[in-house]
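Everything below concerns the one structure shown next.
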Protein chains: 2
Amino acid sequence: MNIPDDLAGGADDRQVRDARIVLGCLVEPGSAALHRLVTAYGPVEALDRLTSGLESGPLAEAAALRLQGRSAAELAERLWERAARLGVRVITPESAEWPGHLADLRHISREGPSTIDRDTFPPQSVWLRGPHLLAEAVARSVSLVGARANTVYGAHAAAELGYGLAGRGWTVISGGAYGIDAVAHRAALAAGGLTVAVLACGVDRPYPLTNSALFEQIAEEGLLISEWPPGTAPFKLRFLVRNRVIAALSRGTVLVEAGARSGARQTLRRARELGRAAMAVPGPITSEVSVGCHEELRREPHEPVRLVASVEHVLEEVGGVGDLAPVPRGAQRPLDGLDPVEQQLVDAVPRRGSAHATQIAVDAGVSLRDALAKLPSLALRGHLREQSGSYSRPRR
Amino acid sequence: MNIPDDLAGGADDRQVRDARIVLGCLVEPGSAALHRLVTAYGPVEALDRLTSGLESGPLAEAAALRLQGRSAAELAERLWERAARLGVRVITPESAEWPGHLADLRHISREGPSTIDRDTFPPQSVWLRGPHLLAEAVARSVSLVGARANTVYGAHAAAELGYGLAGRGWTVISGGAYGIDAVAHRAALAAGGLTVAVLACGVDRPYPLTNSALFEQIAEEGLLISEWPPGTAPFKLRFLVRNRVIAALSRGTVLVEAGARSGARQTLRRARELGRAAMAVPGPITSEVSVGCHEELRREPHEPVRLVASVEHVLEEVGGVGDLAPVPRGAQRPLDGLDPVEQQLVDAVPRRGSAHATQIAVDAGVSLRDALAKLPSLALRGHLREQSGSYSRPRR
């Protein structure tokens, strides 16, 4: 437990933090409209404008509706109390443990027709459970995501990667879902490593319930985090909004197993949009839950997704110098140390009996001079046997 | 059987063809030195210079050794006789059925230190068994290659691709080896399609022996072809030399399954060097014989190898207009026709009981105006139930 006391929120900028935490409660995370407002006025004044009636429009109306007649100060007080009661922390961009690279999220908006693609801005606040500083925990991290309905193969791949990355000191980030996510978290814990579950609901009611024991272990040894305040239910859209944070927190995202329609593909897309390493694990072409991975790997070069088949491959994408994956041996040297003429001579020696240099040269299609020059050396090196100028194959 | 009589070799350029066939017998195929000589002098004079002592060096010496004191005319006569006796054809670039795109082979030389990489020039002649014209047979063709020691998965993938391509009128080219090659040939035959086996030995003694029944069927329904004259044994180097022809004959090569050191990877490399489509089938990362495929798929964008998981994917690489593979549905529309605000509203309706518009708007984080505008439409479309202004989830 190395959490400095001041991170609980006693610093000079308390007013700013309060505003952020209230904004994070009143407005659904990622909002482009809120981001513009906060950028223009700062969090304190932005909150004031939203709650005083100075701003109009859906954002202000929704925020006012959620305030339910309370003052912003009252709500802030209640949120702090709730955090203390539940034993959770809440941080904002002003906190020392806020990961600076979340700010990259401002750049990925595509201004598409859907709010899903427009509302990709950074969180105002993040709620946490666990004995680690978020910025430190994610400094060297990889996101492993994938299908809920995974196969045994996918579980094996997620476990291999999660265990191997955690064992090498990399934090494994995922979404806490059934299937691939849960396997990745568990593998990291099994390796004695660090894992971060980024939830789409309150950290006090992690979803799904069947992963409760896992969430408790993560809260004790890793980090459970969420943009949504305690008590928030996991709505469908929130998973998609949350995905941008999984992609932004790490140096790269690996899609382990995914059907054509898997939401995990959206996380990989966010990673690409953010300039993070985007990776996918191949699988059998007969598997429905590798279709999404294969489609990602078929993207054109301007939307690169790298095939990864091992921890080393992942480290090559996200790691620094010294993490290059060794290329499997072979292919470059198909002749096992013989030059092509030597190989052709060896092959031209009959499988039974023996032959003189001339016949070997004829069959090999090389000059007698080359045959006479190379056959003795081949015999000397044990590739052939020589007796009275006649060559045969060595006994095995 | 639609083989014109003149293709057996009775045309005006008989002298040129004879020279080519003799050159194809005296010199190992692919030779850069022979290619230079033939380009400079034409086949007839090139042969004359090689056999008369006008040329010196290893090429001339090896050729003279193989001639074994006979004249070139005598050897030509013997080769034609042998062809007639065995019921095989032999063609040269002068033949109507010679595939013109074999000439692309002249461009792929890298002038590396190894003769394997230097000797990548077109055949002087090709020996054939089978009731088809080679140029027609390979006009729309794909090469399927892979490991000898394949897995059940690899066999399944090769069979799917071979059967599907042949069924759509594409010729399947392969090397006649154990494993993936044999499966690809058999699948094409099973589909009633055309298949071409490119051998590294004489067409009268196809290797391996255990594929004999398959070779007989290919000779009857497809094509068995080889650059080497009848009687030639399959040396190790010859498989590698032969690979360039498998790559050159087709519009693209698919690596179905391959270990790190598989010779089939060299065929894929030749396809790339020739500007043909280079493709690989992914597989489980736990499989030793998918390692080569995955390494190929990990190449940098300037050495493109495309992941293919279906016949449609292959056709997209080699086919013309109308052959584009359909992208698996999904991913683009994660919300099943609801816009994000609608989805959020639906999710905010409690799972048990009902709620009024205001509470739903609060939980969804949207304005009351949006909630009131959209909730009735959602009820009308059956996504929600409405009773006295209160909304609940529809019964399943």
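The values are calculated or read from the model by the stated rules, or taken from the named source; none is laboratory data. Since we're looking at a predicted model, the values are computed, not measured. Here Cβ is always computed from backbone atoms with ideal geometry, including for glycine, and neighbour counts include all displayed protein chains.
Annotations
- Hey, B:Y207 among the hydroxyl-bearing types (S, T, Y) and within 30 Å of A:A364 (Cβ to Cβ) or not: yes
- Total residues in the stretch A:371-394, condition of a type in the set (D, E, K, R) and surrounded by 20 or more Cβ atoms within 10 Å (Cβ to Cβ): 1
- Hey, A:P208 closer than 25 Å to A:V152 by Cβ, at pLDDT below 95 and over 18 Å from the mean Cα position of the chain (by Cα) or not: yes
- Only a single criterion out of (1) facing chain B (nearest Cβ under 7 Å); (2) more than 22 Å from A:G179 (Cβ to Cβ); (3) at pLDDT 95 or above is not satisfied by A:L315, namely (1).
- Applying the set (1) surrounded by 15 or more Cβ atoms within 10 Å (Cβ to Cβ); (2) over 38 Å from the mean Cα position of the chain (by Cα); (3) away from every other protein chain (no Cβ under 14 Å) to B:R82 leaves exactly one unmet item: (2).
- Among the candidates A:L224, A:L249, residue that is of a type in the set (A, V, I, L, M) and over 20 Å from A:R85 (Cα atoms): A:L249
- Considering the stretch B:105-136, and only residues there that are buried (at least 17 other Cβ atoms within 10 Å of the Cβ) and of a type in the set (S, T, Y), the residue that is modelled with the highest pLDDT turns out to be B:S125.
- Residue within the stretch B:176-189 that is at pLDDT 95 or above, within 14 Å of chain A (Cβ to nearest Cβ), over 15 Å from the mean Cα position of the chain (by Cα) and over 30 Å from A:A364 (Cα atoms) present: no
- Residues that are closer than 19 Å to B:T253 by Cα and in contact with a Phe, Trp or Tyr (Cβ under 9 Å, 6 or more places away or on another chain), drawn from the stretch B:187-222: B:A187, B:A188, B:G193, B:L194, B:A197, B:L199, B:A200
- Some residue of the stretch A:204-223 being closer than 17 Å to A:V90 by Cα and free of Cβ contacts under 8 Å to residues at least 60 places away in the same chain: yes
- Set A:Y153, A:Y41: member being away from every other protein chain (no Cβ under 14 Å) and among the hydroxyl-bearing types (S, T, Y): A:Y41
- Selection count, the stretch A:275-304, where residues are hydrophobic (A, V, I, L, M, F, W, C), facing another protein chain (nearest Cβ under 10 Å) and touching a residue at least 12 places away in the same chain (Cβ under 8 Å): 5
- Residue count for the stretch B:70-97, restricted to those that are within 24 Å of B:A32 (Cα to Cα), of a type in the set (V, I, T) and part of a loop (DSSP other than H, G, I, E, B): 1
- Given (1) at pLDDT 95 or above; (2) farther than 22 Å from A:D370 by Cβ; (3) not polar (S, T, N, Q), index of the condition B:I3 fails: (1)
- The residues of the stretch A:47-69 that are loosely packed, with under 14 Cβ neighbours inside 10 Å and either in a helix (DSSP H, G or I) or within 14 Å of chain B (Cβ to nearest Cβ) (or both), listed by number, are A:S52, A:G53, A:S56, A:G57, A:Q68, A:G69.
- Search result, residues across the stretch A:259-274 that are more than 8 Å from every other protein chain (Cβ to nearest Cβ) and part of a loop (DSSP other than H, G, I, E, B): A:L274
- The condition of being within 20 Å of the chain's Cα centre (by Cα) and closer than 27 Å to B:E216 by Cα does not hold for B:V88.
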